[in-house]
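These notes concern the structure reproduced below.
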Amino acid sequence: MHIAPGVEMLELKAELMDGPSMFYPTLLWDQRDVVLVDAGFPGMASLIRGAIEQARVPFEKITRIIITHHDLDHIGSLGDLRRELPHPVQVLSHAEEVPYIQGELIPIKMTPAMRKQMEEQMKGVSEERRQAMQSMMDAMKNQKLKVDRTISDGEVLPYCGGIQIIHTPGHTPGHVCLFHITSKTMIAGDALFVENGRLGPAPSFINADTRMAIESLRKLAGCDIASIIAYHGGLYRDYPNQRLVQILHESGASAVRQLKTEEER
Ligand SMILES: [Zn+2]
């Protein structure tokens with residue numbers, strides 16, 4: 001879906017354990033750079049390529065891939081995409097995500113409890129789907145991923161008219177949101193979800209630290225946002241800033257009280 005000049009929301013459909021799911025990576029481009037934000041589950045490289053070409057951007061023109069965080073659905077096809085591109089691309093992430101992306105640490109949410117929950121879930125699915133999930137996990141183990149450049153809070157990357165990095169820890173420690181300045185598009189990764197047209201925080205059971213994740217949303221409210229792209233749920237355009245303040249309020253974050261006193265001044 002075309003969002004603004006040089007901004008496309010890619011729409012990927014995949015069959016997972018609990019049936020079909022949609023994923024929304026973002027593509028940003030200008031004369032010099034083509035930047036892909038997030039890289040899908042393992043095995044999604046050709047889907048991603050197709051979606052990019054549908055947006056009339058040549059896949060070969062990708063120069064950089066920015067990873068919002070290390071969860072499997074965001075880094076799964078990174079290795080394949082890199083291999084398929086005819087030239088070296090730069091992979092960027094927050095420093096705190098690097099050891100997880102590079103496989104030096106086990107994913108932060110792979111706690112024994114989470115592993116158990118996944119095993120339980122696997123029991124309920126068809127053999128075919130179970131095998132597909134298993135081969136996805138196996139494919140991941142064999143990938144040697146590498147981050148080439150780290151990004152940090154407040155930094156403005158000089159690509160595609162300027163991409164502001166907002167460190168939003170909580171879902172994972174080094175989770176980032178990206179604000180595309182010229183189009184006022186907030187690429188939210190998993191900091192925000194859209195469900196049935198409604199914008200909300202990520203469900204707490206998938207966060208490493210939900211309190212921190214909510215607190216991080218206050219940073220987003222400081223930007224003048226026209227569109228939000230949630231990796232899960234897609235586009236949200238209904239007064240994004242107002243909705244963010246509402247979410248903070250609903251979450252009972254102390255952040256709201258502070259935000260209000262700032263507004264009163
Ligand atoms: Zn995700």
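The values are calculated or read from the model by the stated rules, or taken from the named source; none is laboratory data. Treat the numbers as computed from the prediction; the structure is a model and nothing was measured. As a convention, Cβ positions derive from the backbone with ideal geometry for all residues, glycine included, and neighbour counts pool all protein chains shown. Only protein heavy atoms, including side chains, enter the accessible area calculation; ligands, DNA and RNA are left aside. Shrake-Rupley method; radii C 1.70, N 1.55, O 1.52, S 1.80 Å.
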Conditions (1) open to solvent by 60 Å² or more (accessible area, probe 1.4 Å); (2) outside any loop (DSSP other than H, G, I, E, B); (3) closer than 23 Å to VAL176 by Cα -> GLU104 fails only (2)
Any chance the range 63-85 includes a residue that's touching a Pro at 6+ places or on another chain (Cβ under 6 Å) and surrounded by fewer than 15 Cβ atoms within 10 Å (Cβ to Cβ)? no
Any residue in the range 147-159 that is in contact with a strand residue (DSSP E or B) (Cβ under 9 Å, 6 or more places away or on another chain) and within 16 Å of the ligand (Cβ to nearest atom)? no
With ILE67, ILE48 as the choices, which residue is at pLDDT 95 or above and within 13 Å of the ligand (Cβ to nearest atom)? ILE67
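Among the residues of the range 25-35, are any in contact with an Asp or Glu (Cβ under 6 Å, 6 or more places away or on another chain), within 12 Å of the ligand (Cβ to nearest atom), in a loop (DSSP other than H, G, I, E, B) and modelled with pLDDT of 95 or more? Break it down into steps so the answer makes sense when it comes.
Filtering the range 25-35 down to residues in contact with an Asp or Glu (Cβ under 6 Å, 6 or more places away or on another chain) leaves 25, 27.
If we keep only those that are within 12 Å of the ligand (Cβ to nearest atom) as well, we get 25.
Retained after the next criterion (residues that are in a loop (DSSP other than H, G, I, E, B)): 25.
Going one step further and asking which of them are modelled with pLDDT of 95 or more, we end up with 25.
Yes, the range 25-35 has at least one match.
Among the residues in the range 201-212, are any touching a residue at least 12 places away in the same chain (Cβ under 8 Å) and assigned to a strand (DSSP E or B)?
Residues of the range 201-212 that are touching a residue at least 12 places away in the same chain (Cβ under 8 Å), as a first pass: 201-202, 206-212.
Checking which are assigned to a strand (DSSP E or B) leaves us with 201.
Yes, some residue in the range 201-212 is touching a residue at least 12 places away in the same chain (Cβ under 8 Å) and assigned to a strand (DSSP E or B).
Could you grab me the full set of residues in the range 35-56 that are of a type in the set (A, V, I, L, M, F, W, C) and open to solvent by less than 10 Å² (accessible area, probe 1.4 Å)? First the steps, then the outcome.
Initially, the range 35-56 is screened for residues of a type in the set (A, V, I, L, M, F, W, C), giving 35-37, 39, 41, 44-45, 47-48, 51-52, 55.
Matches in the range 35-56: VAL35, LEU36, VAL37, ALA39, MET44, ALA45, ILE48, ILE52.
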Among (1) touching a strand residue (DSSP E or B) at 6+ places or on another chain (Cβ under 8 Å); (2) within 15 Å of the ligand (Cβ to nearest atom); (3) in a helix (DSSP H, G or I), there is one condition ILE247 misses while meeting the rest; what is its number? (2)
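Out of contact with any strand residue (DSSP E or B) (no Cβ under 7 Å at 6 or more places or on another chain) and under 21 Å from TYR159 (Cβ atoms): is that true of PRO88 in this structure?
Numbers: out of contact with any strand residue (DSSP E or B) (no Cβ under 7 Å at 6 or more places or on another chain): yes; under 21 Å from TYR159 (Cβ atoms): yes.
In short, yes.
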Go through (1) touching a helix residue (DSSP H, G or I) at 6+ places or on another chain (Cβ under 7 Å); (2) charged (D, E, K, R); (3) part of a strand (DSSP E or B) for ASP80 and report which single condition fails. (3)
Which of the residues that make up the range 184-200 are hydrophobic (A, V, I, L, M, F, W, C), within 14 Å of the ligand (Cβ to nearest atom), in a strand (DSSP E or B) and surrounded by 23 or more Cβ atoms within 10 Å (Cβ to Cβ)? ILE187, ALA188, LEU192
